[in-house]
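To start, the structure itself, in structure tokens.
Laboratory data are not the source of any read-out in this text; all were calculated from the coordinates shown. All values reported here derive from a predicted model rather than from experimental measurement. Glycine gets a Cβ as well: all are built from the backbone with ideal geometry, and neighbour counts include every protein chain shown.
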Amino acid sequence: MTHSYEDRINRVTAYIYDHLDEPLDLERLADVAAMSPWHWHRVYSAMRGETVAAAVRRLRLMRAANELANTDAPVEAIAKRSGYDNLQSFTRIFADAYGMPPARYRREGSHTVFNAAQNGAPTPHYAVEVRHLPAMTIATEPHVGDYMNIGMAFDQLFGRLATAGLIDQNTRMFGVYGDDPSAVPVDELRSAAAATLSSPPPGLPVTTTRAGDYAVLRHKGPYPDMLAEYNWMFGTWLPQSGRDIADAPVLEEYLNSPRDTAPSELLTVLYLPLV
């Protein structure tokens, strides 16, 4: 029965990701879950650690932040796509979550420090450390599509591992990114949610990460802002480093969770594989 509930909640999560542009009322999601409209959202909240309304708001605002940081779409259009016909309401709610209004976030968010054309300042030297990483045993949940939607795979992975009692204080969470988003169509991008396992039980499918040197950069702030950092690492740091990029996935380690952490306080470690 536990797996049945997990499957039902996974269906709801997938539906939310696929229908962020549409109204998402509790009764419709109850139908997707095939559960009682009176109680299903309590099951969702208990299993996912946030309410349905909080999940929808968080995902819509993260998508809005990505469009503000990485596209030229008008703020009014982003607000409407996020479910806000009133720009003032969108501005207030975005500022509450991201610490500044959307137009200012576009001009001054943490992504702009890597783009001299936006902030008019020379790009400073960032503290990239070259570090040797040992191979790690990981369980994975594959994801195909927009990297910004990998959270769906993390929900499924967390549910599967938590059900098996495999999440503890030593578990580390990684995103594994196999494709270049500038060269591969967004709906074909391959990635995976991953969690380290110290003692995987027999029969659980696992894989290992690549052992070797990585260029390591610590990021603090919203996930959408990391695109500018990647562009800087590949376009500025790497050519000046004298190192070659290895034919292996990029890794991101997530040190806290967007469910209970403000976007400006999210901590992520970027790992670029080096020869």
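Observations on the structure shown:
- Dipole magnitude (debye, nearest 20) for the chain, charges at Cβ of Lys, Arg, Asp, Glu: 540
- Sum of side-chain charges, residue 50 neighbourhood, beta-carbon under 12 Å (Lys, Arg +1; Asp, Glu -1): +2
- Cα centroid separation, region 16-30 to region 235-267 (Å): 31
- Selection from 239, 163, 215, by position along the positive dipole direction of region 129-273 (Cβ): 163
- Inter-label distance, nm, simple model (7 Å from Cα along the C-beta direction), residue 50/residue 231: 2.6
- The value of relative contact order for the chain, using C-alpha pairs under 8 Å at least six residues apart, is 19 percent.
- Length added when fully stretched, residue 204-residue 27, from 0.36 nm per residue minus Cα-Cα: 60.2 nm
- Magnitude of the charge dipole for region 2-107, about its Cα centre and with charges confined to Cβ atoms of Lys, Arg (+1) and Asp, Glu (-1), is about 400 debye.
- Taken along the Cα-to-beta-carbon direction at a fixed 7 Å, the label points for residue 172 and residue 243 span 1.5 nm.
- Taking the charge dipole of region 2-107 about its Cα centre, with +1 at Lys and Arg Cβ atoms and -1 at Asp and Glu Cβ atoms, the residue from 65, 47, 10 reaching farthest to the positive side is 65.
- Around residue 182: net Lys/Arg minus Asp/Glu count, Cβ-Cβ under 14 Å: -4
- Furthest towards positive pole of dipole, 33, 77, 20, structure part region 2-107, Cβ charges: 77
- Dipole check for region 192-272: with +1 at the C-beta of Lys and Arg, -1 at the C-beta of Asp and Glu, and the Cα centre as origin, the magnitude is about 100 Debye.
- Between 183, 164, 192, the Gaussian network model of the chain with springs among Cα atoms under 10 angstrom shows the greatest mean-square fluctuation at 183.
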